[in-house]
Amino acid sequence: MKVLLQRVSEAAVRIGGETAGAVGRGYMALVGCRAGDTAEDCDRLAVRTANLRVFEDDAGRMNRSVVDVGGAVLAISQFTLYADTRKGNRPSFVEAGDPAEAELLYERFLADLRSLLGPDRVAQGRFGADMKVSLVNDGPCTIELKSEVALRPTPAPRPRLPLPALSLVPVETDAQIAEARTVAEKTWPRTYAGIIPDAQIPYMIERMYAPEAIRRDTAEGTPFFLVKADGRTAGVCSADLGKRDADGAAELHKLYVLPQYWSRGVGHWVLDELSRRCREAGAASVWLRVNKRNERAQKAYKAAGFAKKRAVCTDIGGGFVMDDFVYRRTF
């Protein structure tokens with residue numbers, strides 16, 4: 001992964017004739033991803049971007065970071081950073097990452113920067129769009145940062161990033177219902193690839209996230225919430241706040257976090273917050289279902305204090321089943 005930092009006094013990006021993002025003093029950052037890049041690459045480069053000292057101190061020396069000077073960052077996706085010009089006059093871009101994966105990494109880099117600088121100090125363009133970028137390079141000063149771990153793993157520890165400012169927003173409006181479904185459409189293929197049949201993914205999304213399904217569940221005491229991180233949608237969740245099992249337990253029905261927020265503590269926070277709300281609503285415990293082959297999720301639930309209790313398999317129609325373990329957390 002590469003980030004080309006240009007120290008600027010101002011920068012802006014326009015899409016379709018309208019300004020999509022603009023900053024004053026800080027960086028214009030071009031972000032390029034290649035095959036093999038990981039979330040660790042994003043985290044490291046975000047930390048380096050925030051901490052790099054190239055802004056002048058009172059003595060005129062490059063000794064301050066963008067954090068120190070209260071600056072901002074305009075981050076633009078740029079696959080051409082991985083152009084190979086060694087042969088002929090036409091660049092090759094075979095090193096550039098798959099667009100779908102690169103977009104997730106770009107969004108991860110943005111989320112990391114917002115945690116480090118603040119949500120109002122990071123602007124962006126639109127991945128894959130035709131953008132018009134303008135800037136005033138201050139200095140000039142242009143520095144390239146390269147990933148320390150992509151394709152060449154090192155024993156360096158992963159940087160610890162602050163938890164974003166998190167909240168749960170009830171899903172009530174048509175726009176929020178559409179947003180909840182969008183989260184499912186972005187997370188399910190990545191979560192369940194190789195775990196359930198490909199055809200089962202859209203079948204279950206339609207079954208669980210259709211507007212009528214969300215409204216029905218909400219009316220029956222199982223509201224949906226959008227997970228917000230620094231004011232931006234980071235996931236969706238749902239829980240039984242108005243109904244109980246015979247033993248007083250409440251079910252946590254859904255918890256999906258967008259991939260750019262994985263391994264950032266967001267899911268753990270949501271589990272704790274939903275559990276707290278269920279407990280305040282009178283529940284004695286909470287439980288959830290997780291696919292037997294979803295080892296990543298099971299590891300996260302165990303870390304959050306849930307214990308595996310039993311197996312359950314449910315026919316959901318369409319020739320599909322939900323083959324799960326039940327995990328429970330007792331208060």
How many residues are farther than 18 Å from GLN78 by Cβ and of a type in the set (Val, Ile, Thr) if we restrict to region 31-45?
1
So which strands (runs of 3 or more DSSP E) stay within region 1-104 end to end and still have 3 or more residues that are among the charged types (D, E, K, R) and more than 18 Å from THR142 (Cβ to Cβ)?
none
Can you confirm whether ALA249 is over 21 Å from ILE177 (Cα atoms), more than 21 Å from the chain's Cα centre (by Cα) and touching a residue at least 60 places away in the same chain (Cβ under 8 Å)?
yes
Do we have ARG114 as of a type in the set (Lys, Arg), in a helix (DSSP H, G or I) and under 27 Å from SER9 (Cβ atoms) here?
yes
Might you let me know whether region 284-297 holds any residue that is closer than 23 Å to THR182 by Cα, among the aromatic types (Phe, Trp, Tyr) and crowded, with 18+ Cβ neighbours inside 10 Å?
no
Residue under evaluation THR142, criteria (1) loosely packed, with under 13 Cβ neighbours inside 10 Å; (2) of a type in the set (S, T, N, Q); (3) not in a loop (DSSP other than H, G, I, E, B), criterion not met:
(1)
Just checking, which of GLU10, GLU101 is acidic (Asp, Glu), in contact with a Gly (Cβ under 7 Å, 6 or more places away or on another chain) and in contact (Cβ under 8 Å) with a residue 60 or more places away in the chain?
GLU10
For ALA229, state whether it is under 26 Å from TRP269 (Cβ atoms), assigned by TED's automatic domain parsing to the domain that holds LEU274, buried (at least 17 other Cβ atoms within 10 Å of the Cβ) and hydrophobic (A, V, I, L, M, F, W, C).
yes
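The values are calculated or read from the model by the stated rules, or taken from the named source; none is laboratory data. Since we're looking at a predicted model, the values are computed, not measured. Cβ coordinates were reconstructed from backbone atoms using ideal geometry, including for glycine residues, and neighbour counts include every protein chain displayed.
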